[in-house]
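**Student:** One structure follows; several queries about it will come next.
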Amino acid sequence: MTTMENRPAAGGTAAGTRAAGATDIRTSEPLLRLTWTDPVTGAQGFLVVHTLASGLATGGTRMRAGCTMKEVEDLARGMAAKTATFDLPVGGAKGGIDFDPKDARAAEVLGRFCQAMRPWLDAHWVTAEDLGVPQHLIDEVFDRLGLEQSYHAAIRRAPHPERTLRRVQAGLNAPVPGGLLLGDVIGGYGVAQACLGAAGAWGWEHETTTVAIQGIGTMGGGAAFYLHEAGMPIVAVADAAGTLYRPEGLDVPALLELRDAYGEIDRSRLPEDVQQLPRDAVIATDADILVPAAISYAVTPDNVPDVAARMVVEAANSATTPEAEAMLAAREIPVIPDFVANAGAAAWAWWLLLGYVDADPATSFHRLRTEMQSKVAMLLGSWDVDGTPLRETAWQLASANREVLAESPDVSIP
Ligand SMILES: NC(=O)c1ccc[n+]([C@@H]2O[C@H](COP(=O)([O-])OP(=O)(O)OC[C@H]3O[C@@H](n4cnc5c(N)ncnc54)[C@H](O)[C@@H]3O)[C@@H](O)[C@H]2O)c1
């Protein structure tokens with residue numbers, strides 16, 4: 001059973017509502033909230049379309065026991081902020097299912113959810129992997145529904161959808177140094193560029209700028225790899241089992257070799273000079289940059305006094321609570337907000353769909369490096385002048401971009 005709130009604005013179909021919702025993403029009501037109940041398991045699923053632009057909204061689908069409408073709504077708003085900050089001609093949405101992804105029935109539940117959401121997935125909502133839902137699983141579900149791939153709503157708009165699908169798949173599956181695929185590393189690469197942009201803006205040398213990273217999965221692992229490659233010592237990384245510390249810098253490629261599918265490092269094969277510390281020790285590490293890349297609400301008023309870093313770069317969504325961010329600001333520690341620092345994967349997927357980047361990783365890396373570093377420099381510029389929180393400046397940028405987009409013609413997928 002599906003219930004719907006916030007129907008599309010009177011006078012137009014949902015598809016025709018461009019830049020729906022006011023341009024202030026922070027305060028505007030979502031365009032739509034849908035609740036679905038699985039007829040077999042009773043699990044509930046949620047779709048929130050925060051904003052449509054050109055009749056399209058983008059955002060992943062997550063599955064976790066305890067997932068709520070509020071969580072999905074916050075994440076949809078975050079997606080709207082990311083697309084606006086990176087000036088993408090598409091709005092923000094999110095899907096979520098309150099179900100254990102390790103339950104044997106998880107794939108069937110996801111299939112029924114997507115079947116129920118089909119009108120949105122067919123025409124308006126471009127979804128992708130998220131917590132508990134790997135990309136291959138959602139693509140299999142789409143294939144069974146006859147929608148080919150989770151970017152279907154965008155790809156079907158192309159004049160030759162089969163050609164566009166091949167082009168997009170070539171980009172997602174392009175191999176990169178380190179043995180991974182471009183689509184898997186690009187988000188972490190973007191986080192690394194946020195750190196490098198900040199170091200550049202403040203004149204910090206790579207070789208003497210130390211980094212501590214909470215989480216060594218897709219985002220944290222990718223960020224660690226590219227920061228290490230750029231010459232920054234990664235002095236601490238944490239996974240769900242604890243913190244690994246080496247004040248001279250960790251051998252990141254070697255550690256990544258020891259990761260399992262859940263982003264946990266095999267302790268039995270650790271080099272002897274790596275110290276093992278409690279899990280939360282990463283927050284208090286003596287490093288210049290702290291990158292929370294695992295859980296939401298990692299930095300709270302309780303642990304702000306422990307933060308030793310001079311800057312926080314949010315790879316995880318909602319990594320810092322608003323109160324903690326204000327306390328950090330009082331200590332003159334800026335926070336590069338999630339919807340800037342971790343938006344690389346979302347922005348890149350749309351650059352790929354729009355034909356701005358291709359299967360050559362160099363083109364993608366160049367574009368993301370340029371866009372991320374210039375945004376971070378701009379945000380830190382305002383902070384340096386009068387202490388304006390980076391999040392505030394980023395919201396202003398997002399709203400200004402949305403206003404311009406409202407005047408633009410519809411999106412064109414080549
Ligand atoms: N993957 C993406 O494309 C993407 C994009 C934007 C934002 N994010 C956000 O980034 C965060 C991480 O996502 P991911 O895809 O890298 O996840 P992941 O599952 O690949 O990795 C998570 C990592 O965090 C570790 N971890 C879990 N709980 C921990 C804890 N309490 N303390 C320390 N480490 C812990 C895990 O061991 C693992 O190393 C999430 O908030 C996610 O929403 C991910």
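The values are calculated or read from the model by the stated rules, or taken from the named source; none is laboratory data. Here the structure is a predicted model, which is why all the values come from computation and not from measurement. We place every Cβ from the backbone using ideal geometry, glycine too, and count neighbours over all the protein chains shown.
**Student:** What helices (runs of 4 or more DSSP H), lying completely within region 129-176, carry at least 2 residues that are buried (at least 19 other Cβ atoms within 10 Å of the Cβ) and in contact with a Cys (Cβ under 9 Å, 6 or more places away or on another chain)?
**Tutor:** On the way: elements: 135-144, 152-155, 161-172.
The helices (runs of 4 or more DSSP H) meeting that bar are 135-144.
**Student:** While we're looking at this one, here's another question. Before we move on, is residue 288 more than 23 Å from residue 130 (Cβ to Cβ) and of a type in the set (Asp, Glu)?
**Tutor:** yes
**Student:** Give me a count of the residues in region 248-276 that are without any contact (Cβ under 8 Å) to a residue 24 or more places away in the chain and either crowded, with 20+ Cβ neighbours inside 10 Å or under 22 Å from residue 191 (Cβ atoms) (or both).
**Tutor:** Matching residues across region 248-276 total 6.
**Student:** Something else: Can you confirm whether region 224-241 contains a residue that is near the ligand (Cβ under 8 Å from one of its atoms), assigned by TED's automatic domain parsing to the domain that holds residue 384 and at pLDDT below 95?
**Tutor:** Scanning region 224-241 turns up at least one residue that is near the ligand (Cβ under 8 Å from one of its atoms), assigned by TED's automatic domain parsing to the domain that holds residue 384 and at pLDDT below 95.
**Student:** Checking residue 108 against (1) in a helix (DSSP H, G or I); (2) at pLDDT 95 or above; (3) touching a strand residue (DSSP E or B) at 6+ places or on another chain (Cβ under 8 Å), only one condition comes out false. Which one?
**Tutor:** In the conditions (1) in a helix (DSSP H, G or I); (2) at pLDDT 95 or above; (3) touching a strand residue (DSSP E or B) at 6+ places or on another chain (Cβ under 8 Å), residue 108 misses (3) alone.
**Student:** Mind checking whether some residue in region 341-355 is surrounded by 19 or more Cβ atoms within 10 Å (Cβ to Cβ) and in a strand (DSSP E or B)?
**Tutor:** no
**Student:** Let me spell it out: the conditions are (1) out of contact with any Phe, Trp or Tyr (no Cβ under 6 Å at 6 or more places or on another chain); (2) under 27 Å from residue 404 (Cα atoms); (3) buried (at least 23 other Cβ atoms within 10 Å of the Cβ), and residue 73 meets all of them except one. Which number is the exception?
**Tutor:** (3)
**Student:** Something else now. Being modelled with pLDDT of 95 or more, assigned by TED's automatic domain parsing to the domain that holds residue 146, closer than 30 Å to residue 355 by Cβ and among the polar types (S, T, N, Q) narrows it down to one residue among 41, 35, 61; which is it?
**Tutor:** Details: 41 fails: closer than 30 Å to residue 355 by Cβ; 35 fails: closer than 30 Å to residue 355 by Cβ.
Being modelled with pLDDT of 95 or more, assigned by TED's automatic domain parsing to the domain that holds residue 146, closer than 30 Å to residue 355 by Cβ and among the polar types (S, T, N, Q) holds for just one of 41, 35, 61, which is 61.
**Student:** Being out of contact with any helix residue (DSSP H, G or I) (no Cβ under 6 Å at 6 or more places or on another chain), at positive phi and of a type in the set (D, E, K, R) is the requirement here; does residue 407 meet it?
**Tutor:** In short, no.
**Student:** Moving on. Can you tell me which residues in region 245-303 are near the ligand (Cβ under 10 Å from one of its atoms), within 12 Å of residue 220 (Cβ to Cβ) and assigned to a helix (DSSP H, G or I)?
**Tutor:** Across region 245-303, the qualifying residue is only 282.
**Student:** Could you check how many residues of region 64-75 are among the aliphatic types (A, V, I, L, M) and within 13 Å of the ligand (Cβ to nearest atom)?
**Tutor:** 2
**Student:** Hey, does region 331-338 have a residue that's closer than 19 Å to residue 219 by Cβ, assigned to a loop (DSSP other than H, G, I, E, B) and not assigned by TED's automatic domain parsing to the domain that holds residue 71? Steps first, please.
**Tutor:** Applying the first criterion (closer than 19 Å to residue 219 by Cβ) to region 331-338 yields 335-338.
Within this subset, residues satisfying the condition of being assigned to a loop (DSSP other than H, G, I, E, B) are 337.
Restricting the remaining residues to those that are not assigned by TED's automatic domain parsing to the domain that holds residue 71 gives 337.
Yes, because at least one residue in region 331-338 is closer than 19 Å to residue 219 by Cβ, assigned to a loop (DSSP other than H, G, I, E, B) and not assigned by TED's automatic domain parsing to the domain that holds residue 71.
**Student:** Any chance region 214-222 includes a residue that's more than 12 Å from the ligand (Cβ to nearest atom) and either closer than 24 Å to residue 381 by Cβ or in contact (Cβ under 8 Å) with a residue 12 or more places away in the chain (or both)?
**Tutor:** Within region 214-222, none of the residues are more than 12 Å from the ligand (Cβ to nearest atom) and either closer than 24 Å to residue 381 by Cβ or in contact (Cβ under 8 Å) with a residue 12 or more places away in the chain (or both).
**Student:** With the structure loaded, tell me whether residue 295 is modelled with pLDDT under 95 and over 16 Å from residue 391 (Cβ atoms) or whether it fails that test.
**Tutor:** The answer is yes for residue 295.
**Student:** Now a separate question. Name the single residue that is nearest to residue 53 (Cα to Cα) among those in region 26-40 being not in a strand (DSSP E or B) and not acidic (Asp, Glu).
**Tutor:** 31
**Student:** If I filter region 334-341 for residues that are within 14 Å of the ligand (Cβ to nearest atom), modelled with pLDDT of 95 or more and in contact with a strand residue (DSSP E or B) (Cβ under 8 Å, 6 or more places away or on another chain), do I get at least one hit?
**Tutor:** Checked against the condition, which is being within 14 Å of the ligand (Cβ to nearest atom), modelled with pLDDT of 95 or more and in contact with a strand residue (DSSP E or B) (Cβ under 8 Å, 6 or more places away or on another chain), region 334-341 yields at least one hit.
Conditions tested, residue by residue: (1) away from the ligand (no atom under 16 Å from the Cβ); (2) modelled with pLDDT of 95 or more; (3) closer than 22 Å to residue 184 by Cβ; (4) out of contact with any Pro (no Cβ under 6 Å at 6 or more places or on another chain).
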site: 321; (1), (2), (3), (4): no, yes, no, yes
site: 328; (1), (2), (3), (4): yes, yes, no, yes
site: 331; (1), (2), (3), (4): yes, yes, no, yes
site: 350; (1), (2), (3), (4): no, yes, yes, yes
site: 360; (1), (2), (3), (4): yes, yes, yes, yes
site: 367; (1), (2), (3), (4): yes, yes, yes, yes
site: 374; (1), (2), (3), (4): yes, yes, no, yes
site: 377; (1), (2), (3), (4): yes, yes, no, yes
site: 383; (1), (2), (3), (4): yes, yes, no, no
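**Student:** What is the number of the single condition among (1) modelled with pLDDT of 95 or more; (2) hydrophobic (A, V, I, L, M, F, W, C); (3) more than 18 Å from residue 311 (Cβ to Cβ) that residue 180 does not meet?
**Tutor:** With (1) modelled with pLDDT of 95 or more; (2) hydrophobic (A, V, I, L, M, F, W, C); (3) more than 18 Å from residue 311 (Cβ to Cβ) applied to residue 180, the lone miss is (1).
**Student:** Let me ask something else. Just for region 108-152: of the residues that are free of Cβ contacts under 8 Å to residues at least 24 places away in the same chain and not acidic (Asp, Glu), which one is farthest from residue 58 (Cα to Cα)?
**Tutor:** Keep residues of region 108-152 that are free of Cβ contacts under 8 Å to residues at least 24 places away in the same chain, which gives 119, 134, 136, 139, 143, 146, 148-149.
From the residues that got through so far, the ones that are not acidic (Asp, Glu) too are 119, 134, 136, 146, 149.
Working: 119: 15, 134: 16, 136: 18, 146: 20, 149: 14 Å.
Only one residue tops the list, namely 146.
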